[in-house]
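Participant: Could you have a look at this structure, given as structure tokens, before my questions?
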Amino acid sequence: MILFLALCAGLFLIYCRYSTYQLTEKHFKIKKNDALSIKPGIKEGVTIAQISDSHFSPFYSPKRFDKIVTKLNQAEPDIVLFTGDLIENYQYWQTRDCEAISQQLAKIQAPSGKFAILGNHDYRSGGREAVSKILRAGGFTLLNNQSTLTDQISLTGIDDGQEGQPDYDTQPQKAVFSILMIHEPDQVQQLTDLSRFDLILAGHSHGGQIRFPIAPYKNVGSKVYDQGIYPLTPQTSLIVNTGLGTTGPPLRFRVTPEILYFHL
């Protein structure tokens, strides 16, 4: 019996390790009329790609990001958005080659721009400035309680809710379509006026990372919203990306790493 249980546990860990380095790409058609419509599929128009939570670490090296760069560039998005947690902990990267991360980020092609926010792990061990520098060196514009305009789309980024200094009153640029980037999805509860935004994109949760069918784990910041699409009002929806990397050991169960594409 003990041998059988050990075998099952070993197979489970092998499967979780295998799942960690897989990748799912999901495409959504977005239409804005009186209400916001989000449906699976592709349509002509502006394409926005969202990636999140790479957690570069001993378990997720810059080399492993090759697959992400290749998939993104094959999809030819106009805009790429990164919603936080570039690294797991700056303590590890203080004595290592951060330039390798920037070089990978720089390979991502997006003619209308690449934009990012910071996550709670990016602040660990005093990493805020270093991670900001890595992102900028990789061609990303950091939106820290700021808004900008590209392709007639308003892009707003609010700082991390756990480690940063978020300004929930940050106003978006006036545009045909308005997107907000936050790291922890539960930050939407702090927004006083959802009508400012059409689409809110978040990460952080990893979908629980090890997602058992009954009572999946939900970490602080994603207790209410942890994966998928959430219509907050008829006009505003939240989408939670389950990310690319892992916190802790490289193990995922029932939550495959993902890139999300939005076709406006």
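The values are calculated or read from the model by the stated rules, or taken from the named source; none is laboratory data. Remember, it's a predicted structure, so these values are computed and weren't measured experimentally. FYI the Cβ positions are ideal-geometry reconstructions off the backbone, even for glycines, and counts take in every protein chain you see. Accessible surface areas use protein heavy atoms only, side chains included; no ligands, DNA or RNA. Shrake-Rupley method; radii C 1.70, N 1.55, O 1.52, S 1.80 Å.
Participant: If each of residue 96 and residue 232 carries a label point 7 Å out from its Cα toward its Cβ, how far apart are those two points in nm?
Facilitator: Going by the 7 Å Cα→Cβ label model, 3.4 nm.
Participant: Taking the simple approach of a point 7 Å from Cα along Cα-to-Cβ for both residue 43 and residue 190, what is their distance in nm?
Facilitator: Each label point is offset 7 Å from its Cα along the Cβ direction, giving 3.4 nm.
Participant: Which value in deg cm²/dmol, rounded to the nearest 500, describes the helix-derived mean residue ellipticity at 222 nm for the chain, given -39,500 (n - 2.57) per DSSP H run of n ≥ 4 and division by the residue count? Could you put the intermediate results ahead of the total?
Facilitator: Values: 5 runs with 51 residues, N = 264.
Calculated at 222 nm, the ellipticity per residue is -5500 deg cm²/dmol.
Participant: With θ set to phi - 60° and the Karplus curve 6.51 cos²θ - 1.76 cosθ + 1.60, what are the ³J(HN,Hα) couplings of the range 37-49 in order, to the nearest whole Hz, using x for Gly and Pro?
Facilitator: After applying 6.51 cos²θ - 1.76 cosθ + 1.60, I find 10, 10, 9, x, x, 10, 9, 6, x, 7, 10, 10, 9 Hz.
Participant: Can you list residues whose amide H is under 5 Å from residue 210's amide H, if they're 5+ apart or on another chain and H is modeled 1.01 Å from N?
Facilitator: Correct list: 253.
Participant: Quick one: what do you get for the chain if you divide its Cα Rg by 2.2 N^0.38 Å? The partial results should precede the final answer.
Facilitator: Details: Rg = 18.0 Å, N = 264, 2.2 N^0.38 = 18.3 Å.
Ratio of Cα Rg to 2.2 N^0.38 Å: 0.98.
Participant: Same structure, new question: Counting only heavy atoms of the protein chains, get the accessible area per residue of the range 1-263 (1.4 Å probe) and round it to a whole Å² value. Before the final figure, lay out the partial values.
Facilitator: Values: 12040 Å² over 263 residues.
With all protein chains present, the range 1-263 gives 46 Å² per residue.
Participant: To two decimal places, what compactness ratio does the range 73-167 give when its Cα radius of gyration is scaled by 2.2 N^0.38 Å? Write out the running numbers ahead of the final one.
Facilitator: Working: Rg = 13.4 Å, N = 95, 2.2 N^0.38 = 12.4 Å.
Taking N as the residue count of the range 73-167, the ratio is 1.08.
Participant: Pop out the ³J(HN,Hα) list for the range 223-235 in order, Karplus 6.51 cos²θ - 1.76 cosθ + 1.60 with θ = phi - 60°, rounded to Hz; leave Gly and Pro as x.
Facilitator: Using θ = phi - 60°, the values come out as 6, 8, 10, 10, 5, x, 9, 10, x, 7, 9, x, 9 Hz.
Participant: Could I ask something else about it? Residue by residue through the range 133-143, what is 3J(HN,Hα) from phi via Karplus (6.51 cos²θ - 1.76 cosθ + 1.60, θ = phi - 60°)? Round to whole Hz and write x for glycine and proline.
Facilitator: After applying 6.51 cos²θ - 1.76 cosθ + 1.60, I find 5, 4, 4, 5, 5, x, x, 8, 8, 8, 9 Hz.
Participant: State the answer as a single residue: which of 140, 123, 150 lies farthest towards the positive end of the charge dipole of the range 104-151, with beta carbon charges of +1 for Lys and Arg and -1 for Asp and Glu, about the Cα centre.
Facilitator: Looking along the dipole axis, the top candidate is 123.
Participant: With springs connecting C-alpha atoms under 10 Å apart, model the chain as a Gaussian network and identify which of 203, 221, 157 has the largest mean-square fluctuation.
Facilitator: It is 221.
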